[in-house]
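The values are calculated or read from the model by the stated rules, or taken from the named source; none is laboratory data. All figures in this text were calculated on a predicted structure; none of them were measured in a lab. Here Cβ is always computed from backbone atoms with ideal geometry, including for glycine, and neighbour counts include all displayed protein chains. For the accessible areas, the whole protein counts, side chains as well, though only heavy atoms, and no ligand, DNA or RNA atoms are used. Shrake-Rupley method; radii C 1.70, N 1.55, O 1.52, S 1.80 Å.
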Amino acid sequence: MAIANCRRCGRLFNRVGRDICPDCVKDEDDKLATIRAYLRQHPLANIYEVANGTDVTYEEIVEFIRDGRLVLRNNPNMVYPCERCGTPTQAGRLCTNCAKEMAEELERAREGHRKTSAERQGGFYSRSDGFRPS
Ligand SMILES: [Zn+2]
Ligand SMILES: [Zn+2]
């Protein structure tokens, strides 16, 4: 049993798995249901239109999509800007291009790290080779 502050409303609650309290879970579920119902009737709506047509804010809708809780299939206009380059995207924080580039950068950083630690080790070995106490 763990007591935690709800990430959303800040109230203390008995944390089971999510980092938000049961009231907020229910509130979010209600909002998700509202968004889905609105999108069924207006499949071509964009996020602003959904926010205007429901009691859910633009930021909340984007967060639902980023978290993967609101999955868009036939809603081509439900796009928000990529956090890195601003390209319209429909899932996650980054567009597919940036996600790919970030993965490659991460890979390069890992490679670089591996190389320097190998060099450091090489240096250590040659030093201990040169050091021969008699
Ligand atoms: Zn809460
Ligand atoms: Zn991008």
* Structure fact -> Here the net charge surrounding GLU60, from other residues whose Cβ is less than 12 Å away from its Cβ (Lys, Arg +1; Asp, Glu -1), is -3
* To do: Report the residue, chosen from ARG40, ARG114, ARG66, that carries the largest GNM mean-square fluctuation when the chain is represented by alpha-carbon nodes joined by springs under 10 Å.
  => ARG114
* Sites GLN41 and ARG18 - FRET efficiency at Förster radius 25 Å, r taken between beta-carbons, to 0.05 -> 0.30
* Asked: With the chain treated as a Gaussian network of Cα nodes joined by springs under 10 Å, which of GLU49, GLU111, GLU60 yields the largest mean-square fluctuation?
  -> GLU111
* Structure fact -> From the Cα centre of the stretch 1-21 to that of the stretch 32-79, the distance in Å is 26 Å
* To do: About the Cα centre of the chain, how large is the charge dipole given +1 on each Lys and Arg Cβ and -1 on each Asp and Glu Cβ? Please answer in debye to the nearest 20.
  => 580 debye
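Figure the gain on full extension for GLU49 and THR87 (residue separation times 0.36 nm, minus the Cα-Cα span) and round it to one decimal in nm.
11.7 nm
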* Accessible carbon and sulfur surface of the chain relative to its total accessible area, %, 1.4 Å -> 52 percent
* Where in the chain are the DSSP H helices whose C-alpha atoms run 15 Å or more along the long axis and whose mean Kyte hydropathy is at least 1.0? -> none
* To do: Identify which of ALA91, ALA45, ALA103 has the largest mean-square fluctuation in a Gaussian network model of the chain, with springs joining Cα atoms closer than 10 Å.
  => ALA103
